[in-house]
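**Q** Have a look at this one before I ask anything.
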Amino acid sequence: MGQKTHPYGFRLGVTKTWRSRWFAKQDYAKLLREDLELKDALRERLKSAGISAIEVDRPGNKLRITIQTSRPGIIIGRKGAEIEKLKSDLAAKTKREVFIDIQEVHKPELDAQLVSESIALQLEKRVAFRRATRKAIDSALRFGCKGIKVRVSGRLNGAEIARTEWQLQGRLPLHTLRADIDYGFTEAHTTYGVIGIKCWVYKGEILPGQRKSMRNEPEARRPPQRDRDRRDRDRDRGPRQAPSADGGAVQTAPGEMRTAPILPPMASPTAPSWKQEVKPEVEATLPVTEPIKNETPGGNE
């Protein structure tokens, strides 16, 4: 329990490749140590250039270094003076012919290492950690990120006891091998201690027939779980019959909710409606007769 796997090493050979590509039967430990020292020295020397990753190739006795940076102008310098100086220094240090390739990171807001370094730089300037992490998350989501998680640990805001806090927005399928998840880690050296920052950025899925992920294409917004459940139930039930205006039925596709308006029955043109006034019929009159006189027999005439 609690043993976390590195997101990059977990996907080596599946969707990720190695950042040091060479083979050696002898002096393997020496070459590995040289790679680590070389990467540390370059990160320290080019700290202001926004270094995302450093890859090392060793074809024969040569040394090819690929630097991914968000500020290539700082490394190249005016008319290539800085990169030529860097190349000569590395050649003198490693006793090999050195080639340096510069790759620009067009969207540093989606690079996990650069996001963590920007947060660390803000923490060193005494910015509140919640504000720094929220700003980084909002920027990544605005540039088409499908999910991002930031975790900071240490004496946050100068508290007397260290703690860990994290924020997550979007999806982050860490157990899905085809998921393109970028991971970055850095440390902020403040006056009250060291604060570690970890960042995970989910950029999409790498399908079996693809070599690169769809990083710049935002994922379509998924409907809420309630709507998805209702759609699945409608699909299982089959087509629905909805009443129409003419008394028939409207055929709907599975999962589609469509109803026709139900209208009241049409009134007959001959039958009077309840709003019309009905004239009263003329009552039959009886003939008026005179009253019958009461005559008694034998009366006076």
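What follows draws every value from the coordinates through simple rules; no lab data is involved. Because the structure is predicted, anything quoted here is derived from the model rather than measured. Virtual Cβ from ideal backbone geometry, glycine too; neighbours counted across all protein chains shown.
**Q** Quick check: the distance between the Cα centres of region 35-112 and region 149-194, to the nearest angstrom?
**A** The distance from the Cα centre of region 35-112 to that of region 149-194 comes to 27 Å.
**Q** Could I ask something else about it? Taking the Cα centre of region 132-205 as origin, sum charge times position over the Cβ atoms of Lys and Arg (+1) and Asp and Glu (-1), and report the length of that vector in debye to the nearest 20.
**A** Numbers: 12 positive and 7 negative charges, 40 e Å.
Here region 132-205 has a charge dipole of around 200 debye.
**Q** In a shell of Cβ-Cβ distance under 12 Å around ILE76, excluding ILE76 itself, what net charge do Lys and Arg (+1) and Asp and Glu (-1) give? It would help to have the intermediate numbers written out before the result.
**A** Values: positive: ARG71, ARG78, LYS79, LYS85, LYS87; negative: GLU82, GLU84, ASP101, GLU104.
Once all neighbours under 12 Å are counted, the net charge is +1.
**Q** Per the Debye formula with a single identical scatterer at each Cα and no solvent contribution, what log10 I(q)/I(0) holds for region 132-205 at q = 0.12, 0.20, 0.28 Å⁻¹?
**A** -0.37, -0.84, -1.25
**Q** For every other residue with a beta carbon closer than 10 angstrom to the beta carbon of GLU165, add +1 if it is Lys or Arg and -1 if Asp or Glu, then tell me the sum. Please list the in-between numbers first.
**A** Values: positive: ARG130, ARG151, ARG163; negative: none.
Summing Lys and Arg as +1 and Asp and Glu as -1 gives +3.
**Q** When the scattering of region 19-106 is computed by the Debye formula from its Cα atoms alone, each counted once and equally, what is log10 I(q)/I(0) at q = 0.11, 0.14, 0.18, 0.21 Å⁻¹?
**A** -0.29, -0.47, -0.77, -1.04
**Q** Filter the cross-link list LYS146/LYS198; LYS39/LYS146; LYS39/LYS85; LYS25/LYS93; LYS107/LYS203 down to pairs whose alpha-carbon distance in this structure exceeds 21 Å.
**A** Values: LYS146/LYS198 17 Å; LYS39/LYS146 30 Å; LYS39/LYS85 17 Å; LYS25/LYS93 23 Å; LYS107/LYS203 12 Å.
Among LYS146/LYS198; LYS39/LYS146; LYS39/LYS85; LYS25/LYS93; LYS107/LYS203, the Cα-Cα distance tops 21 Å for LYS39/LYS146; LYS25/LYS93.
**Q** Under 10 Å from the Cβ of GLY196, count the other residues' Cβ atoms, weight Lys and Arg +1, Asp and Glu -1, and hand me the total. Numbers along the way, then the final one.
**A** Details: positive: ARG151, LYS198; negative: GLU187.
Net local charge, GLY196 excluded: +1.
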